[in-house]
1. Extent of segment 81-123 along each principal axis, from alpha carbon coordinates, in Å, largest to smallest?
2. Any chance you could list P(r) for segment 1-144, counting all Cα-Cα pairs in 5 angstrom bins from zero, rounded to whole %?
3. With labels modelled as points extended 7 Å from the Cα through the Cβ direction, what inter-label distance (nm, one decimal) is found for residue 144 paired with residue 118?
4. Multiply the residue gap between residue 15 and residue 43 by 0.36 nm, knock off their C-alpha separation, and tell me the result in nm, one decimal place.
5. How do the peptides 132-141, 25-34 rank, highest first, by the average count of neighbouring beta carbon atoms within 10 Å per residue?
6. Can you list the trypsin sites (Lys or Arg not before Pro) in segment 30-128 that are in a DSSP coil and have 16 or fewer other beta carbons within 10 angstrom?
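Bear in mind these aren't lab numbers, they're just calculated from the coordinates by the rules spelled out. For clarity, every value in this text was computed on a predicted model and none was experimentally measured. Note: ideal-geometry Cβ built from the backbone for every residue, glycine included; neighbour counts use all protein chains shown.
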Amino acid sequence: MTDQSRPGRKRSEHSRLAILAATLDLVAEAGYGALTIEGIAARSGVGKQTIYRWWPSKADVLLDALATKADLQIPIPDAGSFRADLGHFLDSTFELGEKNQVADTLRALMAQAQIDPEFGHRFREDFLYRRREALGTIVDRARERGELPAGVAPGTIIDVVFGTLWYRLLATREPIGRGLAGELVALLAGQGASTDSASGNASRITTRSGPL
């Protein structure tokens, strides 16, 4: 995550992880609205001023906690085929996203990003683009092997995945999970492959082409 800390003593990773764990626990117990820096400090055993020195707001602490959780729980597989890699990535992504705690956190952070432009920038840089780049690694390998659907840009594949996820989280509240992951794999990795390959006939993925 982009380092938002002020000048001063170097971060203690043990303290940072304690703060992030406390933040996720408190959000799970009482929701984002009830989350306070004071509460995080009391639960984690780390001083309030330390938290303020490392993060500019409670939303940024929660953002760091969620981004760290996603990095740890959603691997970037390399099983040798787009279908297998996409399936593993989406299973892990949607399994995490369907948990109430995570879904509520995502909604809260997206809402905060709409009313706070500075936080919105950090949310895009530290979470949305980071998730796009993780999937982009898988899609780019598939492009080089000529496995992508014909006539579909790599960036559009990423848009379809995260557009579907966010539409269900924010608009319809329909479930996400392994069933939806399987449908997206069938849609995106079950059709005729492109003729583009590692020879350079297709351009490398632009992971920041859209807001997701």
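1. Over segment 81-123, Cα extents along the principal axes are 40, 22, 10 Å.
2. 2, 9, 18, 20, 19, 14, 9, 6, 3, 1, 0
3. About 4.0 nm separates the two model spin labels.
4. That works out to 8.9 nm of additional length.
5. Descending mean neighbour count gives 132-141, 25-34.
6. Hits after loop and neighbour filter: 99.
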